[in-house]
Structure formats: C-alpha cells, structure tokens
Amino acid sequence: MSVPETSLTLLLRDELATATLAAALAPCLGPGVRLYLSGELGSGKTAFTRALLRALGHAGRVRSPSFTLAEPYHLSRFALYHFDFYRFSDSNEWREAGFEEWLGDDTAAVVEWPEMAAGTLPAADLRLALAATDDPQQRQARLDADSARGQAWLSALAGRVARGELDGISCLAPSAPPC
Ligand SMILES: Nc1ncnc2c1ncn2[C@@H]1O[C@H](COP(=O)(O)OP(=O)(O)OP(=O)(O)O)[C@@H](O)[C@H]1O
Ligand SMILES: [Mg+2]
C-alpha cells in the first residue's frame, strides 16, 4: 500500500491551471469539509474559490467576502460558506460574528486568511497556500492535509498530476513517485 500524501507542492502555469486545480478538488467538497486558503493579498484565494464554486455548479456571481466577511452558497447537495477573516484583529472574532455553526459538520467552509483566527478554528481537511512567482501569471500552490480524508484527496491529486491529467499543473514536491 502506498503511503498517503500529507503535503504536495504544485506549480500552476496560469489562472486556468488554478481553476483546473479547483475543479479537481471540487468533488471532495461536502458537508463538514473545511478548506483553508493562505497567501498574500492578490495571490488567488478568491480566484480559486470562484472556480471551485463554478465546478460545483454555481452559475451566479461569486463576490469576494473581503467586506461582507462571509458569502453563503446554497448548492444542490449542500451549503458552502466562503469566509474572509482578513479584517479580524483577534482570533475569537469569527465566533463573536456567529460563524461557528457554519464551520461545523453541516456545511462546507472555505476560509481566506484563517491565520486571523489562529488557534481557535477547527482543523482543516486541506490547507492550500498560494504564492506568487517571478511570472505574474504563475502561482506556487502548497497543499497540506490535516485529516485522513484530506490525505486521500492529496494522494489522488498527486496521481493525477503525475499522469499529466491536469493541464498546466506540474509537481514541485515531493519529487519522488507518485509525482
Ligand atoms: N495563476 C493564477 N491563479 C490565481 N489568480 C491569478 C493567477 N494569475 C493571475 N491571477 C490574478 O491574480 C488576482 C488574484 O486575486 P484574488 O482576489 O483571487 O486574490 P486573493 O488571494 O483572494 O486576495 P485577498 O487576500 O485580497 O482576498 C486576480 O486578479 C487574478 O486574475
Ligand atoms: Mg480574496
């Protein structure tokens, strides 16, 4: 049996590749799934989430939650809440804002700037950190799994990248198989 992946670093050629990554992960989303997105301002967290929602069948607008803090999406199978905690200044503000039930077992949650609630948020299934490179269209994407199902998703993703199934996405680490 192969060892499950706990982390994976990918190179995303352009924004389409970021959308391809989002579409590859979309089938993993469901009630109780938590995905935390890190990276500097403009690194692509909202662009990734927009593509994720499109892949999940949401046809309407996807607004950045930078100002509203939370945007709800009632998808066909489950509800997904898209959060942005950038404006929080202490790590309990997300609870005080009443967001606790939306980060529980009944809904999917995608959180930008989870660092602003460090130490108080429940564990993620997957953490995705996006970083700029010298090429303005390119991003480096580091994925870390913090649950058993997150590890299974990463292993499946690594296999797909290794087989060249995901256009515009290459593997930086691990460099050993399966990548
Ligand atoms: N490979 C790429 N992946 C994602 N976005 C890209 C890529 N290349 C260029 N971009 C552009 O980078 C910008 C990313 O902005 P976005 O709002 O998604 O960032 P963000 O990480 O959510 O920032 P913030 O922390 O301010 O919410 C968009 O203008 C997008 O078109
Ligand atoms: Mg954003």
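Per residue, the convex hull spanned by the Cα atoms of the chain measures out at 115 cubic angstrom.
Ordering 98, 57, 119 by the projection of their Cα atoms onto the charge dipole of region 7-173, which places +1 on the Cβ of Lys and Arg and -1 on the Cβ of Asp and Glu, puts 57 at the extreme positive end.
For region 73-129, which trypsin sites (Lys or Arg not before Pro) pass both filters: DSSP loop (anything but H, G, I, E, B) and at most 14 other C-beta atoms within 10 Å?
Numbers: sites: 77, 87, 95, 127; in loops: 77, 87.
Counting only loop positions with at most 14 other Cβ atoms within 10 Å, the trypsin sites (Lys or Arg not before Pro) in region 73-129 are 77, 87.
Averaged over its residues, region 7-173 has an accessible area of 46 Å² per residue, based on protein heavy atoms and a 1.4 Å probe. The residues neighbouring residue 89, those whose beta-carbon lies less than 13 Å from its own, together hold a net charge of -3 under the Lys/Arg +1, Asp/Glu -1 convention.
Based on C-alpha pairs under 8 angstrom that are at least 6 apart in sequence, region 25-91 has a relative contact order of 26 percent.
Close amide-amide hydrogen proximity is noted between residue 111 and 35, 36, 37, 83, each under 5 Å apart and 5 or more residues distant or on a separate chain (H modeled in the peptide plane; Pro and chain starts excluded).
Rolling a 1.4 angstrom probe over the chain with all protein chains present gives an accessible area of which 51% lies on carbon and sulfur atoms.
The values are calculated or read from the model by the stated rules, or taken from the named source; none is laboratory data. Please read all numbers here as calculations on a predicted model, not as lab measurements. A quick note on method: Cβ atoms are made from the backbone with ideal geometry, for glycine too, and the neighbour counts reach across all protein chains shown. Each accessible area value is taken on the protein alone, full model and side chains, heavy atoms only, with ligands, DNA and RNA left out. Shrake-Rupley method; radii C 1.70, N 1.55, O 1.52, S 1.80 Å.
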